[in-house]
Amino acid sequence: MSDTEEKLTRVYTINLGKAWITPKYKRADRVINIVKDFAKRHMKSDEIKIDQDLNRQVWSRGKSNPPRKIRVRMIKDEDETTIVSLFEAAKEPEQAIETPEATNTEK
């Protein structure tokens, strides 16, 4: 084997609509359990860790109003640990738009 760690990385969009079956005061808890079950099923791992940013995103709107779906990145290490975090697409830097005022500063 090589010295580099082999990691399996996948990006998923998880539908969290089943959380609305439960009572209002348990919805965010149910969302976390749905994410963990989804990770166990798709990554074939028993040890799941939820990233702090993902947890904050779920709880940001309160316990009774979690998001309906969420986009996540799952990374499985060699030791069968799966880390679930928010997926943030690499945004391309926006090119500066030149305005006539910016180009004609000398008069």
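The values are calculated or read from the model by the stated rules, or taken from the named source; none is laboratory data. Model, not experiment: these values are computed from the prediction. Here the Cβ is made from the backbone with ideal geometry for all residues, glycine too, and neighbour counts use every protein chain on show.
Observations on the model:
- Qualifying residue in the range 5-24 (condition: assigned to a helix (DSSP H, G or I), under 22 Å from residue 89 (Cβ atoms) and free of Cβ contacts under 8 Å to residues at least 40 places away in the same chain): no
- Any hit, the range 70-83, residues being at pLDDT below 95, exposed (fewer than 11 other Cβ atoms within 10 Å of the Cβ) and either touching a Gly at 6+ places or on another chain (Cβ under 6 Å) or closer than 16 Å to residue 11 by Cβ (or both): no
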